[in-house]
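Engineer: One structure is given below, represented as structure tokens, and several questions about it will come after.
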Amino acid sequence: MKRESLPDPVPALFPDAAQRVQVAHWLIEALQAALARVQAGPVTPTIDLQQFRAELEAFDFKSPRPLEETLRWAIERMEHGIVQMANPRYFGLFNPGANFPAQCADQIVASFNPQLASSASSPVPVALENHLIRVIAGRAGLGADATGHFATGGSEANYTALLCALTAAHADFSRDGVRAFGAPVAFYTSRDCHIAWLKIAHQAGVGRAALHLVDTDGQGRMDCNALSRAIAADRAAGIVPVMAVATAGTTGGGMIDPLLACADIAQREGLWFHVDAAWGGAALASERLRGLLAGIERADSLIIDAHKWLATTMGCAIFITRKGHLLSEAFHASTSFMPSSLSNLDPYLNSVQWSRRFLGLRLFIALAAAGWEGLGAHVERAVEVVHQIKARLVERGWAIANDSGLAVLDAIPPPSLGDVRALVRRVVASGRAWVAPTLFEGRDVVRICATNGETSASDIDALIAVLNEPG
Ligand SMILES: Cc1ncc(COP(=O)(O)O)c(C=O)c1O
């Protein structure tokens, strides 16, 4: 039988090798040039959004545009259309300027586009991620049996912890859901937790009322007596406590809950003990700072977002548990079309996601390039940046609300500078630096976090100057 001919692959989607090399060269240079401008330019978006929306209308996708033209357009719009994490005067939320090895890893991953659902499809990536998880679990002191996976972000990883806690708390949860408990369930974090826990409660079907926000101790840390009282009161009311969550590095103030005391309470009460170290977990990289996390080794599960302080590209969360069998219990499934079904190994049988991106390579390559020493130096540098900012602000009559050993400062301006929120608006509108307003123990504060690994002494000068300009 005569072989039918096939249409050529669509060249706009699958250009030939020479064209790819040419575009890739151009792209890396264009990105590098844009990065230099971003680092020296305003932190905040400068784009006219109305005009941009009109531009978007012109994309009706009826006729193709040359790839390079659209790439150039996308880079230019990104350059003016986002808050710039790559700018060293971004003292913002926990979003980093991404480290270069992680960016390189993303290129490799995008090229091969492996499917990490199954170990048969991706034996090398699955083994590599498992190795890295074991290394980090070991660094946290969890022991050789600990296991886990990479997740899209802290929210997914924390959600996984709640599902493990519920699965551990009742043998029938897997089949019957919360009805298995025959009563409302509850879990506990401090009121300074990351508030995505409310969405997680909703998602998990336990309801937002299941999240009990425990008082803090006046310094932004969980009040452990209040935790014990809340658990006792709930039991007396017929509610079933399932999990205690300690935050290691609160979003607002970088405070670390008393991990050992929380672990003791969880153990005494028979609760799952989870440590949300989404940001602060990076301190494990530093020999000088890792002692601040003492007690994390008692966790049944913990999370660290490598896309926060470890500065990988987004999103790259790590979920670790010492009770890996609960992952298989929570996420098991069976189908004939998957190339493997190894309950203790295949990511799709041990995590929320099914199809999954090879996230672990970002951290693996960064860690291999810098070693623990280099990653530790990056973390310590951020603490030093904040230390210097603190000294400079105190000199100028500011007060410091939080006492964190990590890289977040909650600062209170002198009365002459007026209201905190107006001050932050002025700073952000100037484009010269980016800080956030937040509440720390009921007080409005200016939250300043060292997130960018390239912040220099003159960037600190610029921040101090703009923070102290009267309104
Ligand atoms: C302590 C803490 N936990 C969880 C999260 C949520 O992580 P993600 O934004 O990666 O979902 C954050 C985000 O800032 C956080 O600070």
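The values are calculated or read from the model by the stated rules, or taken from the named source; none is laboratory data. Remember, predicted model here, so these are calculated numbers, not experimental data. Cβ atoms come from the backbone with ideal geometry, glycine included; neighbour counts cover every protein chain shown. In case anyone asks, the SASA skips ligands and DNA or RNA and just uses the protein heavy atoms, side chains included. Shrake-Rupley method; radii C 1.70, N 1.55, O 1.52, S 1.80 Å.
Engineer: Is it the case that some residue within the range 221-233 is charged (D, E, K, R), assigned to a helix (DSSP H, G or I) and within 16 Å of the ligand (Cβ to nearest atom)?
Structural biologist: Going through the range 221-233, the residues charged (D, E, K, R) turn out to be 221, 223, 229.
Then keep just the ones that are assigned to a helix (DSSP H, G or I); that gives 229.
Filter again for within 16 Å of the ligand (Cβ to nearest atom), leaving none.
Checked the range 221-233: no residue is charged (D, E, K, R), assigned to a helix (DSSP H, G or I) and within 16 Å of the ligand (Cβ to nearest atom).
Engineer: Further question on the same structure: So which residues in the range 234-262 are in a helix (DSSP H, G or I), under 22 Å from Ala180 (Cα atoms) and in contact (Cβ under 8 Å) with a residue 40 or more places away in the chain?
Structural biologist: The first filter runs over the range 234-262 and keeps only residues in a helix (DSSP H, G or I), leaving 234-236, 259-262.
Restricting the remaining residues to those that are under 22 Å from Ala180 (Cα atoms) gives 234-236.
Residue satisfying the conditions is Asp234 alone.
Engineer: Let me ask another. Search the range 30-50 for residues that are in contact (Cβ under 8 Å) with a residue 40 or more places away in the chain and pair each with any residue that is exposed (fewer than 12 other Cβ atoms within 10 Å of the Cβ) and assigned to a helix (DSSP H, G or I) when their beta-carbon atoms are under 9 Å apart and the residues are at least 6 apart or on different chains.
Structural biologist: As it stands, the answer is Thr44/Ala429, since those pairs meet every condition given.
Engineer: Restricting to the range 267-285, count the residues that are more than 16 Å from the ligand (Cβ to nearest atom) and either among the basic types (Lys, Arg) or under 16 Å from Gly138 (Cβ atoms) (or both).
Structural biologist: Residues that pass the stated criteria total 2.
Engineer: How about the range 1-40: which of its residues are β-branched (Val, Ile, Thr) and either surrounded by 10 or more Cβ atoms within 10 Å (Cβ to Cβ) or modelled with pLDDT under 95 (or both)?
Structural biologist: In the first step, residues of the range 1-40 are kept if they are β-branched (Val, Ile, Thr); the result is 10, 21, 23, 28, 38.
Within the range 1-40, Val21, Val23, Ile28, Val38 meet the criteria.
Engineer: It is to be established whether one or more residues within the range 459-467 are assigned to a loop (DSSP other than H, G, I, E, B) and either farther than 28 Å from His378 by Cα or of a type in the set (Gly, Ala, Ser) (or both).
Structural biologist: no
Engineer: Collect the residues in the range 41-60 that are assigned to a helix (DSSP H, G or I), open to solvent by less than 80 Å² (accessible area, probe 1.4 Å) and of a type in the set (A, V, I, L, M, F, W, C), keeping them in residue-number order. Give the derivation first.
Structural biologist: Just the residues of the range 41-60 that are assigned to a helix (DSSP H, G or I), to begin with: 49-57.
Retained after the next criterion (residues that are open to solvent by less than 80 Å² (accessible area, probe 1.4 Å)): 52, 54-56.
If the condition is that a residue be assigned to a helix (DSSP H, G or I), open to solvent by less than 80 Å² (accessible area, probe 1.4 Å) and of a type in the set (A, V, I, L, M, F, W, C), then Phe52, Ala54, Leu56 are the ones that fit.
Engineer: Just need a number here: residues in the range 59-73 that are out of contact with any Pro (no Cβ under 8 Å at 6 or more places or on another chain), within 19 Å of Arg20 (Cβ to Cβ) and hydrophobic (A, V, I, L, M, F, W, C). Let's see the steps before the verdict.
Structural biologist: Looking only at the range 59-73, we keep the residues that are out of contact with any Pro (no Cβ under 8 Å at 6 or more places or on another chain), and these are 59-66, 68-73.
Those left that are additionally within 19 Å of Arg20 (Cβ to Cβ): 64-66, 68-72.
Those still in the list that are hydrophobic (A, V, I, L, M, F, W, C) too: 71.
Qualifying residue count for the region: 1.
Engineer: What number goes with the only condition from (1) surrounded by 13 or more Cβ atoms within 10 Å (Cβ to Cβ); (2) in contact (Cβ under 8 Å) with a residue 40 or more places away in the chain; (3) out of contact with any strand residue (DSSP E or B) (no Cβ under 6 Å at 6 or more places or on another chain); (4) not in a loop (DSSP other than H, G, I, E, B) that Arg425 does not pass?
Structural biologist: The single condition Arg425 does not satisfy is (2).
Engineer: I've got another one for you. Return a yes/no flag: does the range 297-309 have any residue that is outside any strand (DSSP E or B), open to solvent by 30 Å² or more (accessible area, probe 1.4 Å), within 11 Å of the ligand (Cβ to nearest atom) and of a type outside the set (Val, Ile, Thr).
Structural biologist: Within the range 297-309, one or more residues are outside any strand (DSSP E or B), open to solvent by 30 Å² or more (accessible area, probe 1.4 Å), within 11 Å of the ligand (Cβ to nearest atom) and of a type outside the set (Val, Ile, Thr).
Engineer: Just one of Gly270, Gly280, Gly252, Gly207 is in contact with a Gly (Cβ under 6 Å, 6 or more places away or on another chain) and at pLDDT 95 or above; which is it?
Structural biologist: Details: Gly270 fails: in contact with a Gly (Cβ under 6 Å, 6 or more places away or on another chain); Gly252 fails: in contact with a Gly (Cβ under 6 Å, 6 or more places away or on another chain); Gly207 fails: in contact with a Gly (Cβ under 6 Å, 6 or more places away or on another chain).
Criteria check complete, one pass: Gly280.
Engineer: Could you list, in sequence order, all residues of the range 285-296 that are open to solvent by 10 Å² or more (accessible area, probe 1.4 Å) and in a helix (DSSP H, G or I)?
Structural biologist: Arg290, Gly291, Leu292
Engineer: With the structure loaded, tell me whether Gly281 is open to solvent by 10 Å² or more (accessible area, probe 1.4 Å), within 16 Å of the chain's Cα centre (by Cα) and touching a residue at least 60 places away in the same chain (Cβ under 8 Å) or whether it fails that test.
Structural biologist: Details: open to solvent by 10 Å² or more (accessible area, probe 1.4 Å): no; within 16 Å of the chain's Cα centre (by Cα): yes; touching a residue at least 60 places away in the same chain (Cβ under 8 Å): yes.
Here the answer is no, as Gly281 does not meet what is asked.
Engineer: Sort out which residues of the range 207-240 are crowded, with 24+ Cβ neighbours inside 10 Å and over 22 Å from the mean Cα position of the chain (by Cα), and write them in order of number.
Structural biologist: Correct list: Ala210, Val214, Leu227.
Engineer: Let me ask you something else. Any residue at all in the range 367-385 that's in a loop (DSSP other than H, G, I, E, B) and among the aliphatic types (A, V, I, L, M)?
Structural biologist: no
Engineer: Moving on. So, in the range 61-88, how many residues would count as being in a loop (DSSP other than H, G, I, E, B), hydrophobic (A, V, I, L, M, F, W, C) and open to solvent by 50 Å² or more (accessible area, probe 1.4 Å)?
Structural biologist: Qualifying residue count for the region: 2.
Residue by residue, here is whether (1) open to solvent by 10 Å² or more (accessible area, probe 1.4 Å); (2) within 16 Å of the ligand (Cβ to nearest atom); (3) in a helix (DSSP H, G or I) holds:
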| position | (1), (2), (3) |
| --- | --- |
| Ala144 | yes, no, no |
| Ala157 | no, yes, yes |
| Leu162 | no, yes, yes |
| Leu166 | no, no, yes |
| Val178 | yes, no, yes |
| Ala183 | yes, no, no |
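Engineer: Then there is this: Could you tell me whether Ile200 is aliphatic (A, V, I, L, M), open to solvent by less than 40 Å² (accessible area, probe 1.4 Å), in a helix (DSSP H, G or I) and farther than 19 Å from Ala299 by Cα?
Structural biologist: The answer is yes for Ile200.
Engineer: Quick check on Ala137: is it within 16 Å of the ligand (Cβ to nearest atom) and either closer than 18 Å to Ala282 by Cβ or of a type in the set (Phe, Trp, Tyr) (or both)?
Structural biologist: Spelling it out, it is not the case that Ala137 is within 16 Å of the ligand (Cβ to nearest atom) and either closer than 18 Å to Ala282 by Cβ or of a type in the set (Phe, Trp, Tyr) (or both).
Engineer: Return the residues of the range 310-355 that are farther than 21 Å from His274 by Cα, within 16 Å of the ligand (Cβ to nearest atom) and crowded, with 22+ Cβ neighbours inside 10 Å; say none if nothing qualifies.
Structural biologist: Within the range 310-355, Ala311, Thr312 qualify.
Engineer: Within the range 138-161, how many residues are within 17 Å of the chain's Cα centre (by Cα) and either within 16 Å of Ser328 (Cα to Cα) or not polar (S, T, N, Q) (or both)? Even if it seems obvious, please write down each step before you answer.
Structural biologist: Restricting attention to the range 138-161, the residues satisfying the condition of being within 17 Å of the chain's Cα centre (by Cα) are 148-161.
Filter once more, keeping what is either within 16 Å of Ser328 (Cα to Cα) or not polar (S, T, N, Q) (or both): 148-151, 153-154, 156-157, 159-161.
Number of matching residues: 11.
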